[in-house]
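Colleague: Quick one: the structure is below, questions incoming.
The values are calculated or read from the model by the stated rules, or taken from the named source; none is laboratory data. Keep in mind that what you see is a predicted model, and the values were worked out from it rather than measured. Cβ placement follows ideal geometry from the backbone for every residue including glycine, while neighbour counts extend to all protein chains displayed.
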Amino acid sequence: MTDRLFPADWQRGPRYSGAYTFARCPATRDLSLADVAIIGVPMDMSVLYRSCARFGPRGIRDASGQLRPHHWEAERLEPPFDKLRVIDYGDIEVFPGYIEQSIEQVQSALAPIVDADVFPVVLGGDHSTTLPVLRAVAAKHGTLSLVHFDAHPDFWPGEPGRPYHHGTVFRRAVEENLIDPAASVQIGIRGSVSAGIIPAAREAGFHVITGEEFWRQGLRPTLEAVQRIASLPVYVSLDIDSVDPAFAPGTGTPEVAGLTSREIIELVRGLRGLPLVAFDVVEVAPAYDSSEITALLAANLVYEFLLVLSERSGSA
Ligand code: MN
Ligand code: MN
């Protein structure tokens, strides 16, 4: 175990110093050193409203300097980094202005990571980031279950000849058989635009728990539904706008009356036991953030997810 790498020790150098990697994890592309790779995808060319999620990976990495190896709640003492070798793989090189090429680039960059059985944790980027990651992951694991936290179903058909924007991701994913909607859950959906597409998502087979339904039924029935329905290899996609703009203002298409930061943390913790194969956090747009609260929440959600991964048996 002496040759493996650990995050930098905060007692030997301040947490705001050195290279900006996620939680000060080692920056490397040597997959033989990793169980989990943190991967940035600085791509936001398909947003419908405010852009800036291209700076999401940088913002989340910056805010992650605040993370300590040990959890902030006393009963969770074992750091995820003790069990999991987590590397920061850096950012995928995308091509601003060229979404088709960028999507192909992200997929081809993800493939060797997935093929090496290294667990991908992706920092977006707008939600179009998810489609090429889904393609890469489904190429290895077959059709997936999606557990999707979002204010929006992202199930719009798009226009003929223009299939890609951040609101069409899961329509494309269903068409391409990357995900099975009958084995997938969408949580936190709300807002006037989303309302128009919720019936279509349900008709396609998605189990949709709207923001209001979550508020009425609470955490336990929601997590029971997730555990019951997500039976295939599970891709978790977390759009930060699932969270209320009071807790996560730094995003492109905020919708009021969303989840609290406490609720989204508990929802991520509730993913324990699922057959997880990939995770992304998307739509963090630092230019609209206030006091870094959105990026800090996103960094903590990644950390919570790493804890979930570290607690399951076997390697990642
Ligand atoms: Mn989304
Ligand atoms: Mn959204």
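Colleague: Considering each residue of region 182-212, count those that are touching a residue at least 24 places away in the same chain (Cβ under 8 Å) and among the acidic types (Asp, Glu), and give that number.
Modeller: Selection size over region 182-212: 1.
Colleague: Continuing with this model, one more query. Can you tell me which residues in region 207-246 are of a type in the set (A, V, I, L, M, F, W, C) and part of a strand (DSSP E or B)?
Modeller: Residues satisfying the conditions are VAL208, ILE209, VAL234, VAL236, LEU238, VAL243.
Colleague: Scanning region 176-200 for residues that are assigned to a helix (DSSP H, G or I) and surrounded by 13 or more Cβ atoms within 10 Å (Cβ to Cβ), which turns out nearest to ligand 1 (Cβ to nearest atom)?
Modeller: SER194
Colleague: Also: Quick one: how many residues across region 58-80 are among the basic types (Lys, Arg) and over 17 Å from the mean Cα position of the chain (by Cα)?
Modeller: Total satisfying the criteria: 2.
Colleague: Tally the residues that are part of a loop (DSSP other than H, G, I, E, B), among the small types (Gly, Ala, Ser) and within 10 Å of ligand 1 (Cβ to nearest atom), restricting the search to region 120-171.
Modeller: Counting residues in region 120-171 that are part of a loop (DSSP other than H, G, I, E, B), among the small types (Gly, Ala, Ser) and within 10 Å of ligand 1 (Cβ to nearest atom) gives 2.
Colleague: Specify which of the listed residues (SER46, SER51, SER102) is among the small types (Gly, Ala, Ser) and assigned to a helix (DSSP H, G or I).
Modeller: SER102
Colleague: So PRO132 passes all but one of these: (1) more than 24 Å from GLU224 (Cα to Cα); (2) surrounded by fewer than 24 Cβ atoms within 10 Å (Cβ to Cβ); (3) free of Cβ contacts under 8 Å to residues at least 40 places away in the same chain. Which condition number does it fail?
Modeller: (2)
Colleague: Another question, then. Residue check: is ILE113 modelled with pLDDT of 95 or more and outside any helix (DSSP H, G or I)? So that I can check it myself, show each step before the final result.
Modeller: On the way: modelled with pLDDT of 95 or more: yes; outside any helix (DSSP H, G or I): no.
No; evaluated as a whole, the condition is false for this residue.
Colleague: A follow-up question, please. Anything in region 137-168 that is under 19 Å from ILE229 (Cα atoms), within 16 Å of ligand 2 (Cβ to nearest atom) and surrounded by fewer than 21 Cβ atoms within 10 Å (Cβ to Cβ)? List them, or say none.
Modeller: The answer is none; no residue qualifies.
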